[in-house]
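Worksheet: the structure to be examined is printed underneath.
Rule-based calculations on the coordinates, nothing more; no lab input. Quick caveat, the model's predicted, so the values are computed rather than measured. Because the Cβ atoms are built from the backbone with ideal geometry, glycine has one as well, and the counts that use them run over all protein chains shown.
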Amino acid sequence: MDRLVFLSDFHPNDESAFITGSHLQVYQIAKLLSEYRESHLLVSTNDQNKVGKVIKEGELFVHYLRNPRYEILKIPIFLKRVLELEPTLVFQRGRSALTVVGFLSKVLLSSTFIWSSNAQEGIDFLKYARFLSRKGKIRAIFGFLLDLLINISLEGADLVVAQNEEQRGKAEERFWWKEIRMCKNLQEIPKKFEKFEKPTVIWVGRLDENKNPKIFIDLAKEFPECEFLMVGYGNEELIRDRPGNLKFFGKLPRKETLKLISSSWVLVNTSNSESEGIPNVILEAMLCGTPVLSLNVRVEGIAYNVFCGDIKVLIERLRNLLSSREKVLNLGENLRREALRVFVEESRECWLRVILGDQKTM
């Protein structure tokens, strides 16, 4: 009997989990495949009351495992449960210690190991080497060792999956001997809410340099007559100079975040393209009927171009959208139809083919 195991750092339904990221994609893909095969999702938790528990969400089994202080220590914790489950296939997304777990499952159990890229930098030869510049020899040693183990594991994956053409090209250049597939992010259909009466712009993400939250602060100052909403977590020093028309919510449960996205007129993304694939929040906004403007990230597969490439272009397009609620509603509805086709219907079929191959899905 086929048994699928999906590895993820966190369970996205927990309010303490990160707002977006690879863990959300793994969860959604695992839920989809659980309709066709016995599927298990292994996640970390800091809640000691959940450690060791297994819950069932529909047909999906969710296993809560201890979240250790150092990421490299996830390898023995997750591997122990994988060996107990003896899966025929292991799926993991994003560059982390769990990549090593996926590879070891192939070595020890002859499981098929599928690795999916989350961001362009994940395909690079080194990522955790940046730990070498931090204080603490233990962290530096663990970071360098983890990078080496991940590289070995990536080269041993049976299949590499990219989420856009840029990632696929980068993966084909590095893993020239491997099969590289492309499959866009899979999304659920969020609930739609009425737009706010007043022009409102929203930003969602981590507060760090790669996400460029300071740019959103400057936008709020550029449009003092509009409401600006920010949902995020991290280094709040980056947004301390925020104006009175910007409301910062901090970290919110996903349902509340989606409600704010759906009610807003426009979502703005300011992330660096190298640190992103196609952010979940962009796709969620489209599916909510909320137009998107992105400074650096491109979205393939839809007619509307969210990419601005320059702050002046972004400001001009934002001003145009905020001038008319009707314009926002019409564009949002068109985006919703396209996103449903590409990131729900087509993506669903793509992930079924990638993971199940030519096997029957009934």
What ranking do Asp2, Asp9 get, fewest neighbouring Cβ atoms within 10 angstrom at the top?
-> Asp2, Asp9
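Enumerate lysine pairs in segment 200-342 that are 8 or more residues apart or on different chains, then count those whose Cα atoms are under 17 Å apart. List each step's numbers first, then the result.
Working: Lys211/Lys251; Lys214/Lys247; Lys214/Lys312; Lys221/Lys247; Lys221/Lys312; Lys247/Lys259; Lys251/Lys259.
Number of lysine pairs found: 7.
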Loop-resident GluC sites (Glu not before Pro) in segment 204-295 with no more than 12 other Cβ atoms inside 10 Å, DSSP not H/G/I/E/B, are Glu225
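For the chain, report the convex hull volume of the alpha-carbon atoms normalised per residue, in Å³, without decimals.
Numbers: hull volume 51.1 nm³, N = 362.
Hull volume normalised by residue count: 141 Å³.
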Mean Cβ count within 10 Å, highest first, over the residues of peptides 146-156, 197-207 | 197-207, 146-156
Could you tell me the distance between the Cα centroids of segment 142-174 and segment 290-317, to the nearest Å?
-> 28 Å
Scan around Gly301 for amide H atoms under 5 Å from its own, H built in the peptide plane at 1.01 Å from N, and keep only partners 5 or more places away or cross-chain.
-> none
Around Met182, which amide H atoms from residues at least 5 apart in sequence, or from another chain, sit under 5 Å from its own amide H, with H modelled in the peptide plane?
-> Ala162
Could you name the aspartates and glutamates in cross-link range of Lys184, using Cα to Cα under 15 Å and dropping any fewer than eight places away on the same chain?
-> Glu165, Glu166, Glu276, Glu284, Glu300, Glu338, Glu345, Glu346, Glu349
Please count, across segment 3-182, the pairs of lysine residues with Cα atoms under 25 Å apart that sit 8 or more places apart or on different chains.
-> 25
Please list, in chain and number order, the residues 5+ apart from Gly289 or on another chain whose amide H is under 5 Å from its amide H, with Hs placed from the backbone.
-> Arg336
Per DSSP, loop chymotrypsin sites (Phe, Trp or Tyr not before Pro) in segment 273-362 with at most 16 further Cβ within 10 Å = Tyr304
Hz values of 3J(HN,Hα) by residue in segment 2-10 - Karplus curve (6.51, -1.76, 1.60), Gly and Pro given as x = 5, 9, 9, 10, 10, 9, 8, 6, 9
Antiparallel DSSP beta bridges within the chain, percent to nearest 5 | 10 percent
The rounded separation in angstrom of the Cα centers of segment 93-117 and segment 30-44 is 16 Å
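For the chain, what are the DSSP H helices with axial Cα length of 15 Å or more and mean Kyte-Doolittle hydropathy of at least -1.0?
Working: long enough: 22-33 (17 Å, 0.47); 74-85 (17 Å, 0.83); 97-109 (18 Å, 2.05); 137-156 (29 Å, 1.20); 311-322 (16 Å, 0.71); 325-340 (22 Å, -0.88).
What comes out of the filter, once short or polar helices are dropped, is 22-33, 74-85, 97-109, 137-156, 311-322, 325-340.
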Along the charge dipole of the chain, which of Gly332, Asn280, Cys350 sits closest to the positive end, that is, farthest toward it, with unit charges on the beta carbon of Lys, Arg, Asp and Glu (+1, +1, -1, -1)?
-> Asn280
In segment 296-362, trypsin sites (Lys or Arg not before Pro) in a DSSP loop with at most 14 other beta-carbon atoms within 10 Å = Lys360
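Of the beta bridges DSSP finds with both residues in segment 3-182, what % are antiparallel, to the nearest 5?
Bridges in segment 3-182 that DSSP calls antiparallel: roughly 15 percent.
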Using θ = phi - 60° and Karplus 6.51 cos²θ - 1.76 cosθ + 1.60, couplings along segment 43-58 (whole Hz; Gly, Pro as x) = 10, 8, 8, 9, 7, 5, 6, 9, 4, x, 7, 10, 10, 10, 10, x
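So what is the diffusion coefficient of segment 200-342 in µm² per second by Stokes-Einstein at 20 °C and 1.002 mPa s, using a Kirkwood Rh over Cα pairs? Walk me through the numbers on the way to the answer.
Working: Rh = 15.0 Å.
Diffusion coefficient, whole number: 143 µm²/s.
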